1. Kindly provide the set of residues from the range A:86-104 that are aliphatic (A, V, I, L, M) and buried (at least 24 other Cβ atoms within 10 Å of the Cβ), ordered by number.
2. Please give the helices (runs of 4 or more DSSP H) falling wholly within the range B:319-420 in which 1 or more residues are under 30 Å from residue B:196 (Cα atoms).
3. If I filter the range B:407-424 down to residues being touching a residue at least 24 places away in the same chain (Cβ under 8 Å) and closer than 14 Å to residue A:187 by Cβ, which single residue comes out as nearest to the other protein chains (Cβ to nearest Cβ)?
4. Limited to the range A:177-212, what total is found for residues that are in contact with a Leu (Cβ under 7 Å, 6 or more places away or on another chain) and either of a type in the set (A, V, I, L, M, F, W, C) or more than 10 Å from chain B (Cβ to nearest Cβ) (or both)?
5. Which residues, counting only those in the range A:279-320, are under 18 Å from residue A:335 (Cβ atoms), in contact (Cβ under 8 Å) with a residue 24 or more places away in the chain and surrounded by fewer than 18 Cβ atoms within 10 Å (Cβ to Cβ)?
6. Considering only the range A:48-63, I want to know if a residue exists there that is modelled with pLDDT under 95, over 19 Å from residue A:258 (Cα atoms) and part of a loop (DSSP other than H, G, I, E, B).
7. Out of everything in the range B:147-186 that is assigned to a loop (DSSP other than H, G, I, E, B) and under 20 Å from residue B:246 (Cβ atoms), what residue ends up being farthest from the other protein chains (Cβ to nearest Cβ)?
Amino acid sequence: MEPSNPTSPLPAARALRRLGAQLLLGALVLGGMTALVPRRADGGDLPSERARLAAARPDLVLIGNSLVRQDVDDDALAGRLGVRVAKLTVDGAQSAWWYLALKNVAAPAEPPPRLVAIGFQDLALTEPGRATAGIDLTNVRAFMDGGEPLLRERALEPALGAPLLFALEHVRLWTVRESARTYLEQILRDHVVAPLLGLPEGGGSRGFAAALSNARMDRALLAAYQTRATNPEDDAPEFERGVDASLLPAMVDVARARPVRLVFLRMPRLSDARGRPERPALTRYVERLAAWLAARDATLIDLTREVPLEPADFDAGDHLGPSGAAKVTAHLAERLRALLPADRR
Amino acid sequence: MIFTTAEFAAFFAVVATLFWALRRRTWQNAWLLAASYVFYGWVHPWFCVLLAGSTLLDWSATLAMTRWPGRKNVFLACSLTGQLGLLAFFKYSGFLVDNARALGEKIGLHLPEPALRVVLPVGISFYTFQTMSYTIDVWRGRVAARRNLLDFAAFVSFFPQLVSGPIERAGALLPQMERPRAWDWERFLSAWPLLVTGYYKKLVFADSIAGVVDRVFMVREPSLALLAAGGLAFALQIYADFSGYTDMARGFAKLLGFELMENFRTPYLALTLADFWRRWHISLSTWIRDYLYIPLGGSRAKTALGSLAIMLATMGLSGLWHGAAWNFVVWGLAHGLLLWVTRRLGFDAGWRPRTAWRALLGWAATFACAAGLFTVFRAPDLGWLAHALATSIGRERPADAAAAAVIVALLAAYGLPWAVHFGCEKLAPRAPWLLAAWRWVLFGLLLLLAHEGGRAFIYFQF
């Protein structure tokens with residue numbers, strides 16, 4: 001028979017006192033740090049974005065992430081169409097944020113825009129849990145209007161789990177961590193390094209981005225790195241399996257209720273420009289998405305297939321450079337001209 | 001399973017709670033063994049077969065040595081062949097095949113592409129070295145062979161240190177498996193500092209730098225400044241990553257009532273290369289010293305050339321242990337050569353400079369060598385490095401200078417809280433509350449700046 005655990009050399013009462021003192025100290029330090037840290041979203045908050053749209057009175061609103069920001073020239077688009085265009089974008093945003101941008105900012109605008117176009121890639125429209133942690137959660141929360149039960153049920157809780165979501169929403173230091181890192185690094189680049197090297201404003205960020213841009217990478221190493229970063233087994237599931245659990249039906253309902261013409265833009269990908277064949281499952285998925293949208297008075301514009309782009313039209317990853325953006329904007333103007341409803345506002 | 005994921009946090013909470021709820025040591029070890037196999041086989045369950053095979057091989061070989069002492073050399077040879085064979089097949093077969101094919105191409109012989117690529121089981125180098133040290137110690141008569149398979153298997157597979165060390169010696173960890181353990185408040189409370197610093201080093205420092213380092217080492221023709229900044233960043237990243245892992249491993253082990261050895265002692269403060277190797281990855285350096293360097297002749301070599309050959313063989317193999325690629329071998333050989341040269345010049349591990357200037361010079365030279373050689377270690381391959389070095393000089397671009405300065409600024413910003421913590425540790429005897437408070441600041445910064453968990457530790461691939 002083996003002996004059971006003997007008693008501890010440090011008496012429990014003393015240990016608990018030490019533990020208590022530590023926790024008290026922790027509460028003081030963390031409380032102080034929390035008070036010092038501001039909470040700030042990348043994409044602005046609800047009142048400011050609503051005010052911006054109210055002032056701009058756009059006919060056309062473009063919603064998306066950095067792809068829409070970089071791939072579509074809104075001034076050129078406005079000029080070609082002869083309408084007012086506004087963009088609602090935040091880097092890294094996916095369908096949770098797009099849904100809120102449509103429901104809480106674009107659709108309620110007075111007067112409502114005639115058309116809202118949402119840019120997406122791959123399966124983003126039927127994967128509502130994408131980009132809902134870190135800074136993305138901060139950005140999503142900045143656009144929430146009330147409890148947003150549908151968003152919680154379909155996007156946040158399935159992706160994060162209720163306990164983690166609670167922690168992310170209430171532990172402020174954790175909630176802002178992505179943005180804290182982003183701002184810290186921006187300060188270092190543009191307010192520490194740039195003045196030290198005598199660079200113009202923003203020169204630190206520009207130099208850093210230029211030195212480490214995709215254009216300077218060894219192609220073979222970059223391809224191997226990107227292959228490693230994506231799951232080779234990732235394949236498109238059946239569209240019908242994902243749509244009912246997504247925020248897509250709600251987006252269509254919101255647009256119909258105003259009414260606002262809703263268009264989805266499938267944004268270009270570098271792999272297509274390089275001639276890499278699309279996975280058959282993804283082709284099937286896109287076809288079904290297009291049919292599903294058409295049956296609900298919404299439209300899919302597949303910029304991936306419709307705009308002939310060269311690899312040289314791309315800047316970093318799937319983001320277009322000026323030549324690519326010009327091609328996409330010109331094509332989009334032609335396609336949207338036919339879809340833009342008459343102005344009855 | 002990775003220490004930095006939510007699934008590990010849940011796993012550890014269940015394992016530790018049940019572990020302490022089980023009062024009998026045998027049950028605790030059985031539970032620990034089961035947990036370790038779940039941990040190891042989480043992604044690829046078949047890895048567990050290898051781990052079990054490795055355990056059974058050395059357990060039976062050492063028992064056979066005791067049963068038939070006259071044939072102990074045969075059993076040692078069987079064990080080493082088996083362990084090194086596993087390592088050779090899983091870690092080096094691809095390397096050997098690729099080199100054979102490349103050599104074949106040079107002489108006009110077209111060898112076919114191998115039908116399958118072998119997946120490298122995580123941590124195989126760590127646990128094979130751990131069991132090999134046990135077998136060799138039994139053969140040497142320094143450790144008694146263990147009959148209790150449960151205790152031995154729990155020792156080999158102990159999950160906090162299974163996949164990235166420290167490579168524990170049987171003499172240190174096995175007795176801890178065999179004696180009854182007591183709940184110790186002191187030990188429990190001492191886990192917290194290790195966990196906080198470990199997670200800070202990994203999730204804030206190493207993971208923040210990792211993306212930048214990855215990109216620098218993909219640039220086709222980096223300038224010298226960019227390459228140097230990338231090399232410096234990787235030298236600090238790998239230290240933060242690996243020593244962070246060790247801190248976490250030691251912290252989790254403490255929560256289960258075990259003590260693991262220290263694996264790093266501020267290696268970048270070393271004054272000589274020999275001193276660096278006494279402070280860097282101590283469990284591997286001492287393993288190499290005890291089971292390779294000394295048996296090969298070590299410092300007893302009669303000629304300078306002999307001692308150089310032994311040093312190069314030892315460090316070359318140490319490099320190869322890290323990975324099946326030529327840059328690891330070159331990294332090891334370069335360390336071997338520099339160790340040999342500096343020792344012959346009198347700069348061994350015990351070198352104590354007479355003036356502060358000499359100390360500063362020694363430190364700077366050692367740091368430059370260690371960090372510079374990590375550039376060889378990190379390079380995608382020797383061809384890339386040769387091309388980068390050849391094209392880097394005289395090709396300074398303003399953008400590269402800005403990027404290099406940003407990288408240094410990032411290192412300073414993320415490293416500062418860690419450096420302050422180090423300073424507080426030095427002041428701790430006089431101001432213990434300062435250290436306690438700064439740990440909470442570090443914890444707060446961890447919440448504020450941590451990357452999402454899930455980026456694997458660098459040493460997993462070794």
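1. A:88, A:90, A:93, A:96, A:100, A:101, A:102
2. Helices (runs of 4 or more DSSP H) meeting the threshold: B:356-378.
3. Applying the filter and picking the extreme gives B:410.
4. Residues meeting the conditions: 3.
5. Across the range A:279-320, the qualifying residues are A:297, A:302, A:305, A:306.
6. Checking the range A:48-63: not a single residue is modelled with pLDDT under 95, over 19 Å from residue A:258 (Cα atoms) and part of a loop (DSSP other than H, G, I, E, B).
7. B:167
Each row is one residue, and each column tells you yes or no for (1) buried (at least 18 other Cβ atoms within 10 Å of the Cβ); (2) under 28 Å from residue B:193 (Cα atoms); (3) within 14 Å of chain B (Cβ to nearest Cβ).
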{"site": "A:25", "(1), (2), (3)": "no, yes, yes"}
{"site": "A:29", "(1), (2), (3)": "yes, yes, yes"}
{"site": "A:47", "(1), (2), (3)": "no, no, no"}
{"site": "A:54", "(1), (2), (3)": "no, no, no"}
{"site": "A:81", "(1), (2), (3)": "yes, no, no"}
{"site": "A:84", "(1), (2), (3)": "no, no, no"}
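The values are calculated or read from the model by the stated rules, or taken from the named source; none is laboratory data. As the structure is a computational prediction, the values presented were derived from the model and not from experiment. Virtual Cβ from ideal backbone geometry, glycine too; neighbours counted across all protein chains shown.
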